Amino acid sequence: MRNFFNDDDAIEKIIGGLFGVIAIAAIIVEMCLGDFSCDAVAGGVKDIASTLITVVMLIVAIKALRPKKEEPFSFADELKTILSSFVADNGRMLKAKDTEEGNQNYYELYMETDFNAYFGEKTTLRAGWFMRIPPVDESVYGTEGVKISFHLNQGTFFGHNKPENEVDAYAIIGEKIKSLIIRETEETTLICQYNKAKKEIEIEFKKPLTTKDDIDMFVGLIKKIYNSYLVLGDAGVNI
């Protein structure tokens, strides 16, 4: 009984059942008044069948008119779904991986550093880690100070040829991407800096991330930096 009343269709079933019982009772009374003659029974059976069809159609109509119940919003589920979709859409270049470093766990994206992979061709360089974020969890992203990092790999930007002045070469790329992020985001939202020692672009969010808009902004940043890598990367074309 408890399961019945918890059923989403319980109201429709009750209404349809009441109408059906009333209609069928009336038909039986009508057959009694007709002394259960063959004509009365045949007419009653026909009326009962017609009534049941009408009741079913009524239940369907009520269900169609009732507003659909929306699933409660889950930040973690939504972010995981969108990240998975992003990785799947760029499967030739990106692979997701859960990693552990010391006492810290991370969700990482590895990116092919040989751009031949983008065109479905054989690659000559190993993939390197492109992005690192905390594991997706409301308790983590719902607090201030969530950090994400993007690593500059030699293969991505210089191929097999290491630049003569590595520090300056990477800094030019890092500062260029940093400037793009700062220019296209609000100062109240995040802090973006280039870490010379680690060759990483580091972003720290000033406010908790809890809404659908926060997810769009978060994933939008990842896509923007990914596209920057593609634009600034070494195509490996020798002329």
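The values are calculated or read from the model by the stated rules, or taken from the named source; none is laboratory data. None of the values given here were measured: they were computed from a predicted structure. Note that we place each Cβ from the backbone using ideal geometry, even for glycine, and neighbour counts take in every protein chain shown.
Observations on the structure shown:
- Residue check, residue 222 at pLDDT 95 or above, under 20 Å from residue 79 (Cα atoms), assigned by TED's automatic domain parsing to the domain that holds residue 99 and not in a strand (DSSP E or B): yes
- Of all the residues in region 193-219, those that are touching a Leu at 6+ places or on another chain (Cβ under 9 Å), farther than 16 Å from residue 150 by Cβ and part of a loop (DSSP other than H, G, I, E, B) number 3.
- The number of residues in region 220-239 being surrounded by fewer than 16 Cβ atoms within 10 Å (Cβ to Cβ), touching a residue at least 60 places away in the same chain (Cβ under 8 Å) and within 22 Å of the chain's Cα centre (by Cα) comes to 1.
- Within region 69-119, tally of residues that are more than 16 Å from residue 136 (Cα to Cα) and part of a loop (DSSP other than H, G, I, E, B): 13
- A count restricted to region 110-128 and to residues that are surrounded by 15 or more Cβ atoms within 10 Å (Cβ to Cβ), without any contact (Cβ under 8 Å) to a residue 24 or more places away in the chain and either farther than 19 Å from residue 156 by Cα or not polar (S, T, N, Q) (or both) stands at 2.
Here is a yes/no grid of residues against (1) under 25 Å from the mean Cα position of the chain (by Cα); (2) not charged (D, E, K, R):
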| position | (1), (2) |
| --- | --- |
| 166 | no, no |
| 170 | no, yes |
| 182 | no, yes |
| 186 | yes, no |
| 190 | yes, yes |
| 198 | no, no |
| 204 | yes, no |
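- Residue match in region 205-222 (condition: under 19 Å from residue 128 (Cβ atoms) and hydroxyl-bearing (Ser, Thr, Tyr)): no
- Restricting the first member to region 191-215 and to residues that are among the hydroxyl-bearing types (Ser, Thr, Tyr), and the second to residues that are surrounded by 13 or more Cβ atoms within 10 Å (Cβ to Cβ), the beta-carbon pairs closer than 7 Å and six or more apart or on different chains are 194/171; 194/174; 194/175; 194/178; 194/201; 210/75; 210/142.
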